[in-house]
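First comes the structure, then the notes that go with it.
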Amino acid sequence: MLTRPLSFLRPLLLLSLLLPTLAWSQGLRFTTLDIGQGDSAVLIAPGGCVALFDGGPTGSGPTIKAYLKSLGVTNIDMAFVSHMHADHMGGIDEVDVGTDAVSIDAVYDHGGTYNSSAYDDYVSHFSGRRNTVRRGQSFSLCGQVTLTVVAANGNGISSTDENTKSVTVKISYGAFDALVGGDLTSTPDVESTILNDVGELELYKVHHHGSRTSSGNALLDVTNPTVSFISVGRDNTYGHPTPECLDRLAAHNSDVWQTEDPAANRLLGHIQLSSSTGDTFVVTQGTRSVSYVSKGGTTGPDTLPPSVPGALVASAISSTEISLSWNASTDNVGVTGYRVYRSTNGGTSTLAGTSTSTGFADLGLTAGVTYAYQVTAVDAAGNESSPASASARTPAPGLTLTSPNGGESWAGGTAHAITWTAQDISNVKLEYTLNNGGTWQVIASSVAASTGSYTWTVPNSASTAARVRATDAFGSASDMSDGTFTLTATASPAKVILNEMLANEPGSNTDGEFVELVNVGGTAIDLSGWTLSDATSVRHTFAAGTMLGAGRSIVVFGGAAGIPSGTPNAVVASTGTLSLNNSSDTVTVKNATKTTIGTYSYTSTLASQDGVSMNRSPDASATGGFVLHTSLSPLSASPGERVDGSAF
C-alpha cells in the first residue's frame, strides 16, 4: 500500500490552516476547462479540497496546472478518470510531474485494463495510487461537498463500448447538485440506470461532448438541468455538439455553455461556476456572467427526525481508509442525506463528511488507530436522527520474511521459494546478500505482496553468510532472514559476455574508450587468439596465454593513456584503437576459431552522454539488456569492477 504521510491529513486540519484566504474559500467552484476536443474539470470545495475529473488528451497537463496554480492549488485530493479513452485521461499523468507539478493523492476509475499507450502511461505513473470505484460509493471534500458514484462499468449493462463504462459522479453542495459522467451513453442506455440516484440538477456536465448517443430524453426529463456545460474542440471532426443533443437540451430549457464553438470556429475559454451556499450560483466565461437560482427548497414544516440508520458496519480497507455502510433510514417526508462523525481515543466527535447514499469512504487516516463513528440521517427540514455507532482500527503495515530464515543450505543454480506474510502492503522488493548485509543485490524489484511467495534461482556463488531481505516497495516495512544460511557453488562451464562498453569517452581522448568482458561461468578460460571488433574491423587480438578466471573481468582500452589508475586486468587494444562510434556501432567478440561468442549493436541513446558507459542490467547477467550506467549506480562507468564499484 502506497503511504504518503501527512498528505491525506489535509482535509481536516492542514487545509483549514493554510487555505482560508484563497479565492474559493467562501464557496464552491466548478470549472470545465477549455482543453480542446477532450474533457477535464476541476471541483474545489469551500475549504480548499480539490477533485479533478478527467485529464484531457495528451498535452493538456500544462493547461490544467496553469489554471490550478492561478488559484494557488498545489495538491489534488482525488482525481476521477471516467474511462480509458485518451481524450479523457491522456494528460492526467502530466499534471503530477515536473517542477510545476500539482500532486495527486489518489486516482479512481472503473478498473480493468485497456490497450493504449495513454492507458499504459497512466497505470505506470499512478501505480500504488490507483483505486477502483463502485456504484453507490461516496466521497467527501472537506466535509462540505459530497461526491456519489452513480455509475461505473455500465451499471450491469454489458457492452464492448468503453464509453458505457464511464464513471459518473453526482456532486451535492447544499441545494446545488451537478452530474459529471465522461462519455456515458443513452445508446446503449446506461443513462437510464442512474435516474433514481440523481434527481433534478443545477449543472449537467454534458456527456460525450454533446454526441447524439448521449444526453437522452429519459435523463433530461428527470434531471431538468438549469445549465449544461459542453467540453468540445472547435476543430473536431465528429460534429460535436450534435444538433440532436442541442435540441434536446433546448427543449428542457437548459442554458448551454461551451468551451469552444465549432460552428463559429471560436475559442470561448474555461467555464467557471461559483456558489457561496448552494442556494444560488454564477456562471462566468470571459466577459459573460449569468446568475442562477438553485431548485432546492424546503418541503414545509417538519419536526419529525428520520429513523436511526440500521446495521452500521465500519471496515478498515487499508492503513489510511475505513469504509462505512449502513441500511437506509426512513422519514415522513424523505431522507436527504447522512452525516458521518468521527472520534479517536474517546475524544469529541467531529464531522468527517456527508453522504447521500448508504456508504462513506473515510480517507487520509493514520495507521494503527481505532476510529469511532456515529452516523445520523437528515431530512430536508434539517431534522437529524439519533446516531448509529461502530468502530474500526486501521492496520499498521507489516511484513515478515518466513523463508529462508537461517540455517538452510542451498546449492547454486537450484530454485527455492522465498516466502513472507504481509499486512496492508501492496508490493514487496526482494534482495539477497552474500556477506551478512555488507552489500545487497536485487532479486525482484516489485512482487505483489499478496502472493506471499517468489521462486528464486539461487546464484552460483559460495557463501556461509547469505541472507534474504524483503522490503515494502514504498519503504514502510522491512524484514530479513533471522540468521545466515549457506550457498554452495557448483562448477559451470566458462561463459564470456560483453558486460560494459564506453563509446563516448570522457573529453575527446578516444584512448578512454573501453570494452569489458566478464566470465560469468564457473571455470577459467583461455582467451588466446580471441578477437574484439567494431562494425568495421578487428580492433584487438588477445595475446597468447591470456586467461580469464571464473567471475573475473578483462577490459580492453583504446589506448594506454585512457586507462584509469588502479583499473584491474586492463589491456590496450592491439591495433592502438577501438574506434567506437558515438552514433551507433556493433561490438563483436569471437574465439580463436572465429566463432562469435557475443555481439551487441548500440545506438546513440546509449552513447550520447560524455563519459557514461552502457552496462548490462542486471550487472554481469548473460541475459540482461544494456542500459546507461547511471541508471544502475551513481558511477558513470566502472571498468574492471562491478557496477557499484566493488571488485568482481
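The values are calculated or read from the model by the stated rules, or taken from the named source; none is laboratory data. Predicted, not measured: the structure shown is a model, and the values here were computed from it. Here the Cβ positions follow ideal geometry from the backbone for every residue, glycine too, while neighbour counts run over all protein chains shown.
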- Message: Any residue at all in segment 110-132 that's of a type outside the set (D, E, K, R), touching a Ser or Thr at 6+ places or on another chain (Cβ under 8 Å) and under 20 Å from residue 43 (Cβ atoms)?
- Response: yes
Legend entry - Test for residue 637: is it over 23 Å from residue 524 (Cα atoms) and either basic (Lys, Arg) or touching a Leu at 6+ places or on another chain (Cβ under 7 Å) (or both): yes
For segment 581-603, pairs from a residue that is touching a residue at least 40 places away in the same chain (Cβ under 8 Å) and surrounded by 15 or more Cβ atoms within 10 Å (Cβ to Cβ) to a residue that is of a type in the set (Phe, Trp, Tyr) and not in a strand (DSSP E or B), with Cβ under 8 Å and 6 or more apart or across chains, are 589/530; 590/530; 591/530; 597/530
Of (1) loosely packed, with under 15 Cβ neighbours inside 10 Å; (2) over 30 Å from residue 371 (Cα atoms); (3) modelled with pLDDT under 90, residue 334 satisfies every one except (2)
When every residue in segment 507-536 that is under 48 Å from the mean Cα position of the chain (by Cα) and surrounded by fewer than 16 Cβ atoms within 10 Å (Cβ to Cβ) is compared, the one nearest to residue 635 (Cα to Cα) is 507
Only one of (1) at pLDDT below 90; (2) of a type in the set (S, T, N, Q); (3) in contact with a Pro (Cβ under 6 Å, 6 or more places away or on another chain) does not apply to residue 318, and that is (3)
Expected output for segment 634-648 (first residue closer than 15 Å to residue 620 by Cβ, partner aromatic (Phe, Trp, Tyr) and part of a loop (DSSP other than H, G, I, E, B), Cβ below 7 Å, 6+ apart or cross-chain) is 641/648; 642/648
Checked segment 239-277 for anything closer than 17 Å to residue 223 by Cα and part of a loop (DSSP other than H, G, I, E, B); matches are 252, 253, 254
- Message: Please verify whether residue 248 is of a type in the set (Lys, Arg), assigned by TED's automatic domain parsing to the domain that holds residue 64 and in contact with a helix residue (DSSP H, G or I) (Cβ under 9 Å, 6 or more places away or on another chain), treating the condition exactly as stated.
- Response: yes
Every listed condition ((1) over 44 Å from the mean Cα position of the chain (by Cα); (2) free of Cβ contacts under 8 Å to residues at least 24 places away in the same chain) holds for residue 570 save (2)
Taking segment 345-365 and the residues there that are surrounded by 15 or more Cβ atoms within 10 Å (Cβ to Cβ) and among the β-branched types (Val, Ile, Thr), the one that is nearest to residue 104 (Cα to Cα) would be 354
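Just one of 232, 206, 256 is assigned by TED's automatic domain parsing to the domain that holds residue 167, modelled with pLDDT of 95 or more and touching a His at 6+ places or on another chain (Cβ under 6 Å); which is it?
That would be 232, the only listed residue that is assigned by TED's automatic domain parsing to the domain that holds residue 167, modelled with pLDDT of 95 or more and touching a His at 6+ places or on another chain (Cβ under 6 Å).
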Subset of segment 397-454, residues in contact with a helix residue (DSSP H, G or I) (Cβ under 7 Å, 6 or more places away or on another chain) and either modelled with pLDDT of 90 or more or surrounded by fewer than 14 Cβ atoms within 10 Å (Cβ to Cβ) (or both), comes to 427, 428
Residue check, residue 136 part of a loop (DSSP other than H, G, I, E, B) and either of a type in the set (Val, Ile, Thr) or under 15 Å from the mean Cα position of the chain (by Cα) (or both) | no
Filtering segment 547-576 down to residues that are of a type in the set (S, T, N, Q) and part of a loop (DSSP other than H, G, I, E, B) yields 565, 567, 569, 574, 575
State whether the residues of segment 474-493 include one that is over 23 Å from residue 648 (Cβ atoms) and among the aliphatic types (A, V, I, L, M).
yes
>> For segment 457-476, check the following and say yes or no: at least one residue is on the phi > 0 side of the Ramachandran plot, among the acidic types (Asp, Glu) and at pLDDT below 90.
In response: no
When (1) within 18 Å of residue 530 (Cα to Cα); (2) out of contact with any helix residue (DSSP H, G or I) (no Cβ under 7 Å at 6 or more places or on another chain) are applied to residue 577, the one that fails is (2)
